[in-house]
Amino acid sequence: MAAPAHEHDQSRHRVRVALSVAAVLLLSVGAVIAALMTSHEVTRPAPPAPILPPWDGPSVESGGWDVAGQRALAGAPMVVLPAVAAQPQPMTIDRAGDPITVPPATQLAGRWIPAGFPPTPEGALGQLAALDETAMRGADPATHALGYRDLALPGAPPAEATGLSSLLRSMRASAGLDPTGAVPELTANYQVTQGQIKGTTDGGRFVVACVLGQFSVDYRGKTLTVGVGDCQALRHVEGNWRISPGPVPVAAPSAWPGSPDAVRADYRDLKRGG
C-alpha cells in the first residue's frame with residue numbers, strides 16, 4: 001500500500017534539510033580554509049623569515065632551547081593556495097619527493113592519543129597525525145581541545161588558537177549546530193595521507209610538522225569531503241613529542257591530497273610503519 005502523501009512530504013523535507021546542512025558544512029569549511037590561507041601573505045621568491053613580535057607567554061628560555069630559532073621556523077612563510085584547492089580534484093602522478101615513512105606509536109595502552117613516537121622528524125609527524133586523526137572525530141571543538149591539551153606543554157598556544165579548532169567552530173556555527181557535543185546522524189573523520197617536515201632546530205628536538213588529509217563530514221547519508229592541512233610545532237620532552245610553547249605556526253596549505261596543488265605545496269605521501 002502506498003505511503004500517505006504527508007509521509008512523502010516529510011521524507012522530502014528531511015532530504016532537503018540533510019542536503020542543506022551538508023552544503024553549509026562544506027561551504028563553511030571552504031570559507032575557513034580561505035580565511036586561514038589568506039591570513040598569511042607569501043611572495044616568490046620567499047622572503048626571509050619575518051621578525052616576529054616578542055612572545056608574551058611564559059618564559060621558555062631555560063633548558064637550552066633555541067627559542068629565537070623555533071619562533072623563526074614557526075613563522076616562516078608557506079605556500080598559499082586558493083580555497084578551491086581543498087576541494088576534490090584529479091590526482092597527479094607527480095610527487096614532491098619520496099614518500100615519508102612514519103614510525104608507529106609505542107605507547108597505546110591506556111592512552112587516548114597514541115604516543116611514544118621516536119625522537120626523529122618522522123616521529124613528530126607521526127605524533128601530529130595521531131593527534132589530529134583522533135581529536136577530529138565527530139567534528140567537535142571540545143573533543144579536539146581535549147586531545148590537543150593532552151599533548152600541550154605549558155606555554156603552548158591554546159587549542160582555540162589553532163586552525164583546526166577555528167574550522168570546527170566556524171563549521172558548526174555556519175550550519176546552525178550546537179557549539180559542542182555530539183550531533184545526531186552526523187559523523188566526521190580526518191584521515192591523514194600526506195605530510196611534510198617544515199624544518200627542525202635544537203638538534204632535531206624541535207620540529208614543525210605538517211599533515212594533509214581528507215576531512216569528511218556525513219550527515220544523514222550525505223557525505224562531503226575536503227582536503228585540510230595542519231602544521232604544529234613540537235618538542236621532544238621526556239620521551240614524547242609534545243606541542244611546543246611559542247606562537248602558533250603559520251597556517252598549513254590545504255589541498256586535495258595527491259593533487260597538483262598538494263605537490264605544489266610540497267606535501268609527500270606518508271607510509272605508516274608497522
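So how far apart, in nm, are the two label points at MET91 and ALA142 if each is 7 Å from Cα heading toward Cβ?
It works out to 3.8 nm between the two label points.
Nearest 20 debye, what's the magnitude of the dipole of segment 107-151 about its Cα centre given +1 on Lys and Arg Cβ and -1 on Asp and Glu Cβ? Working shown, then result.
On the way: 3 positive and 5 negative charges, 25 e Å.
Using only the charged Cβ atoms, the result is roughly 120 debye.
Whose amide H sits under 5 Å from the amide H of GLY199, counting only residues 5 or more places off or on another chain, with H placed in the peptide plane?
VAL208
How do VAL211, VAL183 rank when sorted from fewest to most other Cβ atoms within 10 Å of their own Cβ?
Details: VAL211 28, VAL183 17.
Least crowded to most crowded, the residues run VAL183, VAL211.
Averaging sequence separations of C-alpha pairs under 8 Å and six or more residues apart, then dividing by the length of segment 177-274, give the relative contact order as a whole percent.
Across segment 177-274, relative contact order equals 25 percent.
If each of ALA182 and GLU160 carries a label point 7 Å out from its Cα toward its Cβ, how far apart are those two points in nm?
Modelled inter-label distance: 2.6 nm.
Please work out the C-alpha center-to-center distance from segment 201-250 to segment 66-120 and express it in whole Å.
Going from one Cα centre to the other spans 6 Å.
Arrange the following residues from fewest to most other Cβ atoms within 10 Å of their Cβ: TRP256, TRP241.
Ascending Cβ contact count within 10 Å gives the list TRP256, TRP241.
Could you work out the local net charge near ALA233, counting Lys and Arg as +1, Asp and Glu as -1, over the other residues with Cβ closer than 13 Å to its Cβ? Each step should come with its number before you reach the end.
Numbers: positive: ARG71, LYS198, ARG205, ARG235, ARG242; negative: ASP66, ASP202, ASP230.
My count for the surroundings of ALA233 gives +2.
Tell me the relative contact order for segment 124-209 as a rounded percent, counting alpha carbon contacts under 8 Å between residues six or more apart.
On the way: 84 pairs, mean separation 30.4, N = 86.
RCO, segment 124-209: 35 percent.
FYI, it's all coordinate maths here, none of it is from the lab. These figures come from a predicted structure and were not determined experimentally. FYI the Cβ positions are ideal-geometry reconstructions off the backbone, even for glycines, and counts take in every protein chain you see.
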